[in-house]
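Only one structure is covered here, and it is reproduced in the block below.
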Amino acid sequence: MTGAETLDIARDGIWVLIVVSAPMMIVGLVVGVVIALFQALTQIQEMTLVFVPKIIAIFFTMMIVLPFLGATMAGYMDRVVDLIILGG
């Protein structure tokens, strides 16, 4: 296996990491902005108010996109295993 092939595998791994983590990160960002806007509009400055809704929203998002996440990671692992078996 050449250095270029190794870098391709690493690049694909980083891309899979981004694709798998993006739905939860986006939902966490949106929920955080909405709660921050709510806090700014109502003058409620409770620091712990953000955590519970974010955790719940990220949990539900993870349950919804779990089949997609599993398929994405399994597809990447299949490509890596095929490269290992074929020797590059």
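No lab work stands behind these numbers, since they all come straight from the coordinates. Please read these numbers as outputs of a predicted model, since none were measured by experiment. Using ideal geometry, Cβ is built from the backbone for each residue, glycine included, and neighbour counts are taken over all protein chains shown.
Numbers for the structure displayed
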read-out: From phi via Karplus (6.51, -1.76, 1.60), per-residue ³J(HN,Hα) for the range 46-55 in Hz, x at Gly/Pro; value: 8, 6, 7, 5, 6, 5, 5, x, 5, 5
read-out: Added length on full extension, which subtracts the Cα-Cα distance from 0.36 nm per residue, Ile56 to Thr6; value: 14.2 nm
read-out: For the range 73-87, 3J(HN,Hα) per residue [Karplus equation, 6.51 cos²θ - 1.76 cosθ + 1.60, θ = phi - 60°, Hz, x = Gly/Pro]; value: 5, 5, x, 5, 5, 4, 5, 5, 5, 4, 5, 5, 5, 7, x
read-out: Model label zone, Val65; criterion: amide N under 16 Å from point 7 Å along Cα-to-beta-carbon; scope the range 10-30; value: 14-30
read-out: Cβ-based charge dipole, the chain, positive-most Cα from Thr2, Val20, Gln45; value: Gln45
read-out: For Val50, distant residues with modelled amide H under 5 Å away; value: none
read-out: Phi-based couplings in Hz for the range 10-23 (Karplus 6.51, -1.76, 1.60; Gly and Pro marked x); value: 5, 4, 4, x, 5, 5, 4, 4, 5, 5, 6, 8, 4, x
read-out: Residue among Val27, Val52, Val65 with the largest mean-square fluctuation in a Gaussian network model of the chain, springs linking Cα atoms under 10 Å; value: Val52
read-out: Additional length obtainable on full extension of the chain from Leu86 to Val19, 0.36 nm per residue less Cα span; value: 21.5 nm
read-out: Relative contact order for the range 3-86, counting Cα pairs under 8 Å that sit 6 or more residues apart, in percent; value: 42 percent
